[in-house]
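To keep things clear, I will list the structure first and then write my remarks on it.
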Amino acid sequence: MIIRHGGPASTDILTVFREAVALVCEIDPGSVSATTTFEQLRADSLVLVSVADVVEQTLHDRDGCELHIDDDALARMRSVSDVVDYANARIGR
């Protein structure tokens with residue numbers, strides 16, 4: 001279930017994801033763009049699940065959004081923009 005309370009814009013979701021990747025992977029968030037692939041990040045499935053958890057928690061705490069990024073869907077995603085598009089679709093954009 002998705003609850004939207006004036007949820008974040010696409011650019012905000014990208015920023016949240018970039019910051020989550022930087023935190024989990026210990027890299028500069030400036031090195032992550034919408035076109036960055038998970039292969040380029042050398043992010044395996046465990047890293048991606050950790051990043052998704054940070055994104056979900058941040059959006060919940062900051063914007064009141066109840067977003068769940070499904071593990072099976074995450075496994076099919078290949079780039080940062082895939083996650084942003086997925087989040088936007090579930091937040092009602």
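The values are calculated or read from the model by the stated rules, or taken from the named source; none is laboratory data. Computed from a predicted model, the values in this text were never measured in an experiment. Note: ideal-geometry Cβ built from the backbone for every residue, glycine included; neighbour counts use all protein chains shown. Side chains are part of the model used for accessible areas, which takes the heavy atoms of the whole protein and leaves out ligands, DNA and RNA. Shrake-Rupley method; radii C 1.70, N 1.55, O 1.52, S 1.80 Å.
For the stretch 21-28, check the following and say yes or no: at least one residue is among the aliphatic types (A, V, I, L, M), in a helix (DSSP H, G or I), open to solvent by 70 Å² or more (accessible area, probe 1.4 Å) and at pLDDT 90 or above. If you could, list the steps in order and put the result at the bottom.
Step one: filter the stretch 21-28 for residues among the aliphatic types (A, V, I, L, M), giving 21-24, 27.
Then drop every residue that is not in a helix (DSSP H, G or I), which leaves 21-24.
Filter once more, keeping what is open to solvent by 70 Å² or more (accessible area, probe 1.4 Å): 23.
Applying the additional criterion that residues be at pLDDT 90 or above yields 23.
There is at least one residue in the stretch 21-28 that is among the aliphatic types (A, V, I, L, M), in a helix (DSSP H, G or I), open to solvent by 70 Å² or more (accessible area, probe 1.4 Å) and at pLDDT 90 or above.
Just need a number here: residues in the stretch 49-79 that are touching a strand residue (DSSP E or B) at 6+ places or on another chain (Cβ under 9 Å) and surrounded by fewer than 17 Cβ atoms within 10 Å (Cβ to Cβ). Give the steps one after another, and end with the answer.
At the first step, the residues of the stretch 49-79 found to be touching a strand residue (DSSP E or B) at 6+ places or on another chain (Cβ under 9 Å) are 78-79.
Adding the requirement that they be surrounded by fewer than 17 Cβ atoms within 10 Å (Cβ to Cβ) leaves 78.
Of the residues in that region, 1 qualify.
Can you name the number of the only condition in (1) touching a Ser or Thr at 6+ places or on another chain (Cβ under 7 Å); (2) loosely packed, with under 13 Cβ neighbours inside 10 Å that THR37 fails?
The failed condition is (2).
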